[in-house]
1. Between residue 148 and residue 40, how high is the FRET efficiency from 1/(1 + (r/R0)^6) when r is the Cβ-Cβ distance and R₀ = 35 Å? Nearest 0.05.
2. Computing the accessible area with a 1.4 Å probe over protein heavy atoms, can you report the carbon and sulfur percentage for the range 76-168?
3. Under a Cβ-Cβ cut-off of 14 Å, what is the net charge of the residues other than residue 81 that fall near it, where Lys and Arg count +1 and Asp and Glu count -1?
4. What is the antiparallel percent of DSSP beta bridges lying wholly in the chain, to the nearest 5?
5. Using only the Cα atoms, work out Rg/Rh for the chain, with Rh taken as the Kirkwood radius, to two decimals.
6. From the cross-link list 107/140; 106/140; 210/234; 140/165; 165/234, which pairs have alpha carbons spaced over 27 Å apart?
7. Could you calculate the FRET efficiency of residue 230 with residue 110 from 1/(1 + (r/R0)^6), where r is the beta carbon distance between them and R0 is 41 Å, rounded to 0.05?
8. For a label point 7 angstrom out from the Cα of residue 141 toward its Cβ, which stretches of the range 91-116 have the backbone nitrogen within less than 19 Å?
Amino acid sequence: MRRRTGLGLAGISAILVLTACGPARVTVVVELEGEDGGATTFVDDVEVRLLPYDRDFIFDSLTAAAATPEPEMPAELLAAQAEIAQAEQEWRDAEDLWNTARDTMKKLNEELEGLNRAMNLYKQIYAEFERWEREERRSKDRSAALFERWTDLDKAARAQLDSVKMVRRIWADQAFEDVGLAIEAKIEETGLEEAADTTGAEAEGVALLKVPPGDYWVYARHELPNEELYWNLKVTVMRGDPVVVRLNRENAEVREIN
């Protein structure tokens with residue numbers, strides 16, 4: 001993930017000028033808003049595919065036709081997963097605070113160099129340094145304790161979670177055995193083909209795809225520390241009419257990482 005640097009609306013507009021000259025082109029922009037309304041970032045290295053079929057519909061149909069229902073995740077395991085994710089986030093927050101404290105101490109120490117210890121400015125900066133030094137010790141100890149709690153929770157649930165995953169994987173292998181045939185049939189029915197590109201090759205957060213006119217689904221996934229963003233959005237592509245699709249958290253399905 002990279003911060004917006006210079007592409008902006010002008011850069012995307014330049015891409016659209018180029019794509020408008022050719023037939024049936026699609027520009028997909030993957031962008032995520034920062035936490036607490038922070039700066040938007042363009043996300044590179046996301047594989048984007050244009051599919052001439054709705055993959056969710058295919059998998060839902062195969063699920064409905066399966067000999068047995070899909071095994072559910074036990075409620076206690078779902079609760080354990082939520083607790084583990086919360087513990088991990090608390091550790092990451094403490095780790096960030098520890099890093100901030102260390103970076104601040106380094107900067108304050110650099111400011112102290114060359115100052116006369118008798119100066120009021122030196123005393124003020126040194127008092128601030130001591131405050132951050134105490135914070136550094138506290139956050140270091142807290143980070144270590146939270147890391148241990150997170151790993152202990154994860155270890156306690158791991159065996160049962162792996163067992164349930166195995167059962168679900170076996171079920172999926174059987175239920176989706178014919179998914180390839182179903183996809184081939186859909187592609188043959190539409191007469192269209194898939195297209196793929198990875199964001200960042202031409203511009204930050206941007207994937208460029210060229211396809212024959214028709215109905216497609218923009219399919220992409222982006223993994224975050226505790227969740228996955230999943231997109232499967234329908235788009236109609238027309239010749240000579242450039243299409244821009246923006247993938248963000250608002251139009252994503254947020255999935256837990258099991």
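The values are calculated or read from the model by the stated rules, or taken from the named source; none is laboratory data. Small disclaimer: the values here were computed from a predicted structure and weren't measured. Please note: Cβ atoms are built from the backbone with ideal geometry, for glycine as well, and neighbour counts cover all protein chains shown. Just the protein is used for accessible areas: all its heavy atoms, side chains included, with ligands, DNA and RNA removed. Shrake-Rupley method; radii C 1.70, N 1.55, O 1.52, S 1.80 Å.
1. Efficiency for this residue pair is about 0.45.
2. Using a 1.4 Å probe with all protein chains present, the range 76-168 comes out at 50 percent carbon and sulfur.
3. -4
4. Taking every DSSP beta bridge with both residues in the chain, the antiparallel ones total about 85 percent.
5. 1.12
6. Violating the 27 Å limit, Cα to Cα: 140/165; 165/234.
7. Once rounded, the FRET efficiency stands at 0.35.
8. 91-102
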